[in-house]
1. Among the residues of segment 41-79, how many are out of contact with any helix residue (DSSP H, G or I) (no Cβ under 9 Å at 6 or more places or on another chain) and within 11 Å of I3 (Cα to Cα)?
2. Pairs under 7 Å by beta carbon, first residue free of Cβ contacts under 8 Å to residues at least 60 places away in the same chain in segment 41-59, partner hydroxyl-bearing (S, T, Y) and not in a strand (DSSP E or B), six or more apart or different chains?
3. What number of residues in segment 61-87 are among the aliphatic types (A, V, I, L, M), part of a helix (DSSP H, G or I) and surrounded by fewer than 18 Cβ atoms within 10 Å (Cβ to Cβ)?
4. Please go through segment 1-33 and pick out each residue that is open to solvent by 30 Å² or more (accessible area, probe 1.4 Å) and of a type in the set (G, A, S).
5. So R36 fits all but one of (1) open to solvent by 60 Å² or more (accessible area, probe 1.4 Å); (2) over 14 Å from the mean Cα position of the chain (by Cα); what number is the exception?
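The values are calculated or read from the model by the stated rules, or taken from the named source; none is laboratory data. Since we're looking at a predicted model, the values are computed, not measured. Neighbour counts run over all protein chains shown; Cβ positions are idealised from the backbone, glycine included. Just so you know, the surface numbers come from the protein's heavy atoms only, side chains and all, with ligands and any DNA or RNA stripped out. Shrake-Rupley method; radii C 1.70, N 1.55, O 1.52, S 1.80 Å.
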Amino acid sequence: MQIIIKSTHFKASEHLEKFTRKKIERLENLNDRIVRAHVTLSLESESDPENKSCEILLSIPGEDPYLKKSAATFEEAVAMATEAMEKVLRRKKER
């Protein structure tokens, strides 16, 4: 699985990229047909305290699940997004 991490409005640290890769790689255990994972980390408006967001778009033959989660920290946003994507993949696997 190819993992593409893009950060907008800031420069992602090496620690954040490693953390994100580790979380995204766990998704492959649920669906071995994942070709690519596009992860976008971005800063939203300054007025909102939960202004750090993580978007995940998976490329799977026949479907492309997408979701977005926001939190106070990027690590929290990535963790929430990967947990939500795990639920999506489990539901699709049961069908």
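1. Residues in segment 41-79 being out of contact with any helix residue (DSSP H, G or I) (no Cβ under 9 Å at 6 or more places or on another chain) and within 11 Å of I3 (Cα to Cα): 2 in total.
2. N51/S45; K52/T73
3. First pass over segment 61-87, keeping only residues among the aliphatic types (A, V, I, L, M): 67, 71-72, 77-81, 84-85.
So of that shortlist, the ones also part of a helix (DSSP H, G or I) come out as 77-81, 84-85.
If we keep only those that are surrounded by fewer than 18 Cβ atoms within 10 Å (Cβ to Cβ) as well, we get 79-80, 84.
Total meeting the criteria: 3.
4. Answer for segment 1-33, where residues must be open to solvent by 30 Å² or more (accessible area, probe 1.4 Å) and of a type in the set (G, A, S): S7, S13.
5. Here R36 clears every test but (2).
Residue-by-condition table, conditions (1) touching a strand residue (DSSP E or B) at 6+ places or on another chain (Cβ under 9 Å); (2) over 16 Å from K69 (Cα atoms); (3) of a type in the set (A, V, I, L, M, F, W, C); (4) part of a strand (DSSP E or B):
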{"site": "K6", "(1), (2), (3), (4)": "yes, no, no, yes"}
{"site": "K11", "(1), (2), (3), (4)": "no, yes, no, no"}
{"site": "H15", "(1), (2), (3), (4)": "no, yes, no, no"}
{"site": "K18", "(1), (2), (3), (4)": "no, yes, no, no"}
{"site": "I24", "(1), (2), (3), (4)": "yes, no, yes, no"}
{"site": "E28", "(1), (2), (3), (4)": "yes, yes, no, no"}
{"site": "R33", "(1), (2), (3), (4)": "yes, yes, no, no"}
{"site": "A37", "(1), (2), (3), (4)": "yes, no, yes, yes"}
{"site": "L41", "(1), (2), (3), (4)": "yes, no, yes, yes"}
